[in-house]
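Engineer: This is the structure I have questions about; it appears just below.
The values are calculated or read from the model by the stated rules, or taken from the named source; none is laboratory data. Nothing here was measured: the structure is a model prediction, and the numbers come from that model. Cβ coordinates were reconstructed from backbone atoms using ideal geometry, including for glycine residues, and neighbour counts include every protein chain displayed.
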Amino acid sequence: MRKAVAPVPVDLARRVVAALRPVQSRRAAAPQLLWGEAGRGKTHLAQQVLAALGCRTLTVQADVAPAALAALVPGAGGWAERLLRRAAAGEALEPAALAGALLSALGTLAPVVLLVEDLHTGTPARAALWSELARQSAHKRGVGVLGTSRQPQGEADPWCGWPVPPQSPAALAALLERQADAPLPPAAAEWITARAQGNPLFALEYFRLLTRSRQLWNDGQGWRWQAPGSDPLPDTIEALLGQAVRVEDPDAEVLLGAAALLSPEQRADPEVWRAVAGLSAPAFAQARDLLETRGLLAGPLFVHPLYGEVVRRDLPAPVHRTLAGRALQVLSDPRARAPFVPSAALDPAQARDLLAQAAHAAEAAGAGQEAAGHWAAHLATLAPPDPARPGAAVRTALAWQPYDPARAEGYAALLDTMPQATPEQRLDMWLLRAELLWEQGRPAEASALMASLGGGAPGQARWHHKQVQLLGMGQDFAAAAEQWAAAPNLQAGAPPATLYVVGDALMRLGRTDEAAATLSGALDRCGVDPLARAELWMAYAGVAYHQGQPDLALERLSSALALLGTLPGDSPDRDLQRARELAVTQRAFLRLAQGDYAGAGQDFAAAVTATEVLGNPYRLAQREAYLGSTLVQLGRYDEAEATLLRAADVLEAQGDQMYLVMVAKQALVTLNLEAERPHGLARAQKHARDALRSARASGAATIVASALLSAARVEAAQGAEAPTLALLDEHDRLVGAPAADALTVRGLLLERLGRPAEAEAALARSQAALRAQGQTAGADLAALALARVQGDAAALHALLARLEAQGGGHTAALTRRALSELGAPGTAAPPHLMPAPATAGCRVEVLGPLRVVVGGEVVRVAGGLRREVLARLALARLTGQDSLSARALALGLPDDPDAQTEADALNRLQQVVYHLRRALGAASVRTTLGGYALGDVMCDAETFLHTRDLSLWRGPLLDGLDSEQGADAADLLYAALHSAADAALAHDPREAARAGRILLQADPYDRAALALTLRALRASGNRKGALATYQSAAARFAEVGETLPPAWQDFLDERPAG
């Protein structure tokens, strides 16, 4: 008999595939959960879903050991691999950090879907890990997560749950026929399916049990059936297993119960196992032998984990209570005793004492998350009227804060339901909730909560200080300074964290004397606490810098680092570690402002290393964003791009728009706009568009202003006057006045438009203002543009000499380019604006079905492998790759049953290249050092990126070619198509609508593409087409559990243009 598998519920499989389909195009997808009772066929359904997706998949058990997690994605590299290795070595890491590392590692395999089996198993720490992984994966591009569980998702869980329905009797009959290799007697199939109740595993277990009992047998001619005289068999798999685990021997029964309650590690000590079971040594040995003979145990392990689960579930309460009580007596480790407390029927006071001991022991061992779980259990032992309950809730919230801000906030909110809580406790938790809401990226809710408190007595001082901190964290420096000044009587007792924010806010507002006085007085009052004094010295260093004394600023930073160095170097104090990292980061900013790019790069690299030790992937991404930005200024472009893209990926997943837009995306725009990257303008435009979309979603004026400036720079580079000025006007309205960096963009636009006198005036003003503000990089860029407009070669040479001495490789390269332009007759356009190079008479067309045109005639490229290789070479050139390695190209092609070795695959590739050259010409494919590249051939995609001619698009990219390659090129081209269609709305809405439909074909769930298409249809007067397009989209979105507004006009109202 062959192994049979259950039929898949087709509709459910289709819906789950549709929900995960975005992963194929390297977009984010919500985590999906298949749940149902044991045996419903969840695993098989999951495998069918993965097969339908057709991308790379990995599978892991929910209770996997940390070492197996590290081996899941070998060779991931970077911080993620190092963090996974630390977990494998036994280090307890926060779920958010471990999940972030695993997602980052998985991202190197994108597109990929991770299947996590049996989420109902495992420890609370593992459950927290998978929950955090699911939450983060919803924003992780190209990585999907699919889980199976016997339990539905909770209300607060991030999973999108799908109950696996029972199979129909016909489907189960077909399953049994496949298992038996022949049809069963109808009466037998009916008997089994009636008892299986739609559960395929139950059906198979009934089949196996009936064949073992000879009630169902095959005589060589076919299956025969004899109905059982009674109905002794259970009708659920748990009951089937329950029958298997029933033993008549009392000693074996109690030993089995003890095994179900103890962990495998505890069962590995026979004396512990025996004592919990309450057996003598001979009785223990005899009972264990019996259980092993029955096939239930293999040493201290259950042969099947379900055996232990069924035994534990069916353990009579008195027996469970007795065994738990013995475990508490036998085990000495408070942490090992904690799981037995709830079942031991202890006096509440005794239970609380044991749970508190476990929590303290976990804290001492550095297992903070485990401790938080014990404090939560400790809280549960307190009845609502108990006066100790508010204090326990406070302790539980604080314990969860470093590991799960959402859960911590939930415990903090409990105090609102406790009338016995003191006003002091309520205030503590309200302020903590505001901070936790901010940490979760919910600043509006945090502000609303603070506003509802109003700063009244008795907690006015603490409310006031927390409000100042939150305003500063939001970079609303004017409001922070105003809040600080509103209560002078509360300033003396401000904590260092508040004073740091105040000093920073006053400095940024140009009130350096006030900042100096505030921090100097605080230093006099703060005593000898080295950590507090170090934080104040860091703020005081900023004052010196803004007062034009950079050397004094570095001296004060050295004082801070010296203070931090007086504390034990191996201190586990996370506040100390963060303070050291902050001091190094601040020194990097000072060096950057002085134009010391090399020193700043070293410090940012040190900050990245220090943050990596802290194990917080989000803070690490913030520091990597700064490092990547500095690498751009150093001219280390490839390293910068890799660092920035990695940081942006994490920041986007976290929803951190501030660092995403203002650091990572801004640097990526600079890199692609100014560094002569392949198709740099199109890439810069994509990053600027993404940044503006994220910024507007955040609603924060500072973030929006930064994104507007980046978008304006891209438009100015194209000489697009109206869009540039519109963006700059919106920027100036947000910040309240024309900013210096906005003046630079205005000057660059005027230069591009051929208005040198106006450009010179704007650039001179911006350079002076930026220099006064200490923004060296921005001032150098303005100075470069000004000298270029003035044709001042001497000024350019002087600037170049200084930049080369400081290590400013990027601006130095721009200066050399300007000098070259001055020395040439006329002024050449920037490389990204040059027309596409002239090419031979062969053209590869990828903007639609793959097509090759030679001498004006379409040439048929026969064979899927040839088309695949040609497409990959074209997309590689599009993304700036000089060539593709022969090995990567060969091994990436579809499997060939005749290719048994790597050499076979390389030989096959050589044959493919040979036939391509015969069909298209010898120069069509170049042989490079170690690989191949597209030769003297035009490509319609390159032409489009230079001309933005929408008519070049015949359909989705490489339509009909089933290839997972070229995701980066696809992102680039579709972003450029969206931009070109947007620009065509005013003068050719029909063509814009056609482009929008192509975008929707490529990504049916792209809301921005849907909005573009609807606007184009409306502009062309095709309202019926808009209605039909929207109705189709609404049905499509509904299939994956998403809803759209009732009318397409409402949808457009929710998505303002731009």
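Engineer: Just to be sure before I move on: is ALA298 under 30 Å from ALA87 (Cβ atoms) and touching a residue at least 12 places away in the same chain (Cβ under 8 Å) in the structure I sent?
Structural biologist: So ALA298 fails the test.
Engineer: Only one residue in HIS374, HIS360, HIS378 is surrounded by fewer than 16 Cβ atoms within 10 Å (Cβ to Cβ), part of a helix (DSSP H, G or I), of a type outside the set (Lys, Arg) and in contact (Cβ under 8 Å) with a residue 12 or more places away in the chain, so which one is that?
Structural biologist: Unique residue meeting the criteria: HIS360.
Engineer: In this structure, does LEU102 turn out to be buried (at least 17 other Cβ atoms within 10 Å of the Cβ) and in the same structural domain as ALA30 (by TED's automatic domain parsing)?
Structural biologist: In short, yes.
Engineer: Next question. Could you list, in sequence order, the residues of region 404-442 that are assigned to a helix (DSSP H, G or I), more than 12 Å from ALA393 (Cα to Cα) and either under 20 Å from the mean Cα position of the chain (by Cα) or among the hydroxyl-bearing types (Ser, Thr, Tyr) (or both)?
Structural biologist: Across region 404-442, the qualifying residues are PRO405, ALA406, LEU436, LEU437, TRP438, GLU439.
Engineer: Continuing with the same structure: Given LEU728, LEU668, LEU673, which one is under 22 Å from VAL789 (Cα atoms), modelled with pLDDT of 90 or more and part of a helix (DSSP H, G or I)?
Structural biologist: None of the others qualify; the one that does is LEU728.
Engineer: Being modelled with pLDDT of 80 or more, assigned to a loop (DSSP other than H, G, I, E, B) and in contact with a Leu (Cβ under 8 Å, 6 or more places away or on another chain) is the requirement here; does ALA13 meet it?
Structural biologist: Considered against the rule, which asks whether it is modelled with pLDDT of 80 or more, assigned to a loop (DSSP other than H, G, I, E, B) and in contact with a Leu (Cβ under 8 Å, 6 or more places away or on another chain), ALA13 comes out as no.
Engineer: Is it the case that PRO74 is surrounded by fewer than 19 Cβ atoms within 10 Å (Cβ to Cβ) and more than 23 Å from ASP404 (Cβ to Cβ)?
Structural biologist: Yes; evaluated as a whole, the condition is true for this residue.
Engineer: In a loop (DSSP other than H, G, I, E, B) and modelled with pLDDT of 85 or more - does that describe any residue in region 118-132?
Structural biologist: Yes; the residues of region 118-132 include at least one that is in a loop (DSSP other than H, G, I, E, B) and modelled with pLDDT of 85 or more.
Engineer: Still on this structure, please answer the following. Considering only region 486-504, state which residues are polar (S, T, N, Q) and assigned to a helix (DSSP H, G or I).
Structural biologist: Once the filter is applied, which keeps residues that are polar (S, T, N, Q) and assigned to a helix (DSSP H, G or I), region 486-504 yields ASN489, THR498.
Engineer: Looking only at region 946-999, which residues are at pLDDT below 85, over 30 Å from LEU53 (Cβ atoms) and in contact with a Ser or Thr (Cβ under 8 Å, 6 or more places away or on another chain)?
Structural biologist: none
Engineer: Yes or no: region 42-56 includes at least one residue that is among the small types (Gly, Ala, Ser), over 26 Å from THR108 (Cβ atoms) and in contact (Cβ under 8 Å) with a residue 24 or more places away in the chain.
Structural biologist: no
Engineer: Another question, if that's okay. Taking ALA187 and the conditions (1) part of a loop (DSSP other than H, G, I, E, B); (2) loosely packed, with under 13 Cβ neighbours inside 10 Å; (3) modelled with pLDDT of 80 or more, which numbered condition does it fall short on, given that it satisfies the others?
Structural biologist: It fails just one condition, (1).
Engineer: Considering only region 849-863, how many residues are out of contact with any helix residue (DSSP H, G or I) (no Cβ under 9 Å at 6 or more places or on another chain) and either in contact (Cβ under 8 Å) with a residue 40 or more places away in the chain or aromatic (Phe, Trp, Tyr) (or both)?
Structural biologist: The number of residues fulfilling the criteria is 1.
Engineer: When the residues of region 64-94 are narrowed to those that are within 19 Å of ALA610 (Cβ to Cβ) and part of a loop (DSSP other than H, G, I, E, B), which ends up nearest to the chain's Cα centre (by Cα)?
Structural biologist: Once the filter is applied, the top-ranked residue is GLU94.
Engineer: For region 251-270, check the following and say yes or no: at least one residue is among the β-branched types (Val, Ile, Thr), assigned to a helix (DSSP H, G or I) and at pLDDT below 65.
Structural biologist: No - not one qualifying residue is present in region 251-270.
Engineer: Would you confirm whether or not region 281-292 contains a residue that is out of contact with any Cys (no Cβ under 8 Å at 6 or more places or on another chain), closer than 30 Å to GLU132 by Cα, buried (at least 17 other Cβ atoms within 10 Å of the Cβ) and modelled with pLDDT of 90 or more?
Structural biologist: Within region 281-292, none of the residues are out of contact with any Cys (no Cβ under 8 Å at 6 or more places or on another chain), closer than 30 Å to GLU132 by Cα, buried (at least 17 other Cβ atoms within 10 Å of the Cβ) and modelled with pLDDT of 90 or more.
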